[in-house]
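Structure first, then comments.
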Amino acid sequence: MSFIRKLEYMALIGLLAVSGILRITSIGFAKGNAWTMKANMLTARSGPSTCVVNGKVYVIGGVKDANSSTIKTVEEYDPATDTWTTKTDMQTPRSWFAICAVNGKIYVIGGGKSVIGVGLSTVEEYDPAADTWTTKTDMPTARFVLSASAVNGKIYAIGGKPRHGVAPLSTVEEYDPAMDTWKIKTDMKTARWSLSTSQINGKIYAIGGDSGSSEGTYVGLATVEEYDPTTDTWTTKTKMPTARGYLSASAVNGKIYAIGGGRTLSTSGLSTVEEYDPVADTWTTKTKMPTARFFLSTSAVNDNIYAFGGSVSSWPSWQACSTLEEYDPSSDPTSVRNPSW
């Protein structure tokens, strides 16, 4: 090959390499950032619960700081316009309660009236269309820092603690909104509080939490268990990579995203985001949330997840925040694989 032909060949290879690099870059980053800051909540709060009805998110209850009483404030967030609207207050001020939506109504279950207190058994139904609250049948076991998920029109209240300073519960109770009745179901394998649950394909996944009974024994868990309401049975699944409690989880497109939380209450919140695939029973680390926090709440609308409030500093000096951040799993660069060239 002549010297000139060699130069031409090298120039061609260089051009292809540059073209390949540019093409790979566009594949890896074309979708943009995974997290976006949105309009702050009207009320800063830690330990609220959130639920979605007709594309709107309802942020309910919570507490402002470690020394405050719980609140009954309700705010409606519209993701389409990034705006907030104040709604009718909940009847019972509370924080760290379970929440589920069934047939266009929101059910608030249990919770506590103070940071260090006794769990509630109270159940209230919120009708977003009428902006009204109705008292329903009490849950059999009073408890707070529990979680709940709905399957086939039934709500399953899982775990929690009856009061501060005692061992957590493995209790599972099923609520039928149509009949306004409760049934006792099979206990979870691991007693825990401050866990989060999500439902996919008729199965409920209980993720993380804390098995400690009092300050000094609080340690986050990596435990994951799958509950099948049809057979009323529990199955142990692959552990979450980061052991933590006080987190929130939401499901999008068949995957569950475990977001935030903390390893203990005496450490600052985490920004960790991990994706669970129930089919493969595997976990993948994703892009971190911009604001590290625990005792937050998340809800999914149109395949995006919204992370509301929480605490940004450690116990007992933590303060609630009004932060709202939106996560788009489809735009997460860590979920995009570059092709081989």
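Please give the peptides 137-148, 269-280 ranked by average Cβ packing (other Cβ atoms within 10 Å per residue), highest first, as a rough proxy for protection.
Working: 137-148: 22.9, 269-280: 18.8.
Ranking, from highest mean packing down: 137-148, 269-280.
Kindly put ARG263, ARG244 in sequence by how many other C-beta atoms sit within 10 Å of each C-beta, fewest to most.
On the way: ARG263 21, ARG244 29.
If I rank by nearby Cβ atoms, fewest first, I get ARG263, ARG244.
Assuming 0.36 nm per residue, please report the length gained on full extension of the stretch ASP78 to ASN201 beyond their Cα-Cα distance. Display every interim value, and only then the final one.
Details: separation 123, 0.36 × 123 = 44.28 nm, distance 2.67 nm.
Additional length available on full extension: 41.6 nm.
Under 19 Å from the 7 Å Cα→Cβ point of ASP281, by amide nitrogen: which residues of the stretch 183-211?
In the stretch 183-211, the label zone of ASP281 (backbone N under 19 Å from the point 7 Å along Cα→Cβ) covers 188-190, 198-208.
Report the full-extension gain for the segment THR137 to VAL166: residue separation times 0.36 nm, less the Cα-Cα distance, to one decimal in nm. Walk me through the numbers on the way to the answer.
Numbers: separation 29, 0.36 × 29 = 10.44 nm, distance 2.53 nm.
Going from the current span to full extension adds 7.9 nm.
Give the label of the value calculated from the structure for Cα extents along the principal axes in Å, choosing from (1) 89, 41, 40; (2) 63, 55, 39; (3) 67, 46, 44.
Only one listed value fits the structure, namely (1).
Relative to the first principal axis of the alpha-carbon coordinates of the chain, what is the inclination of helix 3-29, with its axis defined by its Cα atoms, in degrees from 0 to 90 and to the nearest 10?
10
All other residues with a Cβ under 11 Å from the Cβ of ASP131 taken together, and with Lys, Arg as +1 and Asp, Glu as -1, what is their net charge? Please report the intermediate quantities before stating the final value.
Numbers: positive: LYS87; negative: GLU76, ASP89, ASP127.
Combined, the nearby Lys, Arg, Asp and Glu give -2.
With θ set to phi - 60°, apply the Karplus curve 6.51 cos²θ - 1.76 cosθ + 1.60 along the stretch 141-155 and write out the HN-Hα couplings as whole Hz, x wherever there is a Gly or Pro.
Whole-Hz 3J(HN,Hα) from phi for the stretch 141-155: 10, 5, 6, 10, 6, 9, 9, 8, 9, 10, 9, 6, x, 10, 10.
Using 0.36 nm per residue, how much length does the chain from THR86 to GLN319 gain when fully extended, once their Cα-Cα distance is taken away?
Details: separation 233, 0.36 × 233 = 83.88 nm, distance 2.19 nm.
Separation in residues times 0.36 nm, less the Cα-Cα distance, equals 81.7 nm.
Please give me the summed charge of the neighbours of THR181: other residues whose Cβ is under 15 Å from its Cβ, Lys and Arg +1, Asp and Glu -1. Walk me through the numbers before you get to the answer.
Details: positive: LYS136, LYS154, LYS183, LYS185; negative: GLU125, ASP138, GLU173, GLU174, ASP176, ASP180.
So the surrounding residues net to -2.
Using helices alone, I'd like the mean residue ellipticity at 222 nm for the chain: each DSSP H run of four-plus residues gives -39500 (n - 2.57), total over residue count, nearest 500.
Values: 1 runs with 27 residues, N = 341.
Per the formula, -3000 deg cm²/dmol.
Relative contact order of the stretch 48-201, please, whole-number percent, based on alpha carbon pairs below 8 angstrom and at least 6 residues apart.
After rounding, I find 16 percent.
Can you give the FRET efficiency to the nearest 0.05 for SER268 and SER213, using r as the Cβ-Cβ distance and R₀ = 35 Å?
On the way: r = 23 Å, r/R0 = 0.64.
With R0 = 35 Å, the Cβ-Cβ based efficiency is 0.95.
None of the figures in this text is laboratory data; all of them are computed from the coordinates on show. These numbers come from a predicted model, not from an experiment. Because the Cβ atoms are built from the backbone with ideal geometry, glycine has one as well, and the counts that use them run over all protein chains shown.
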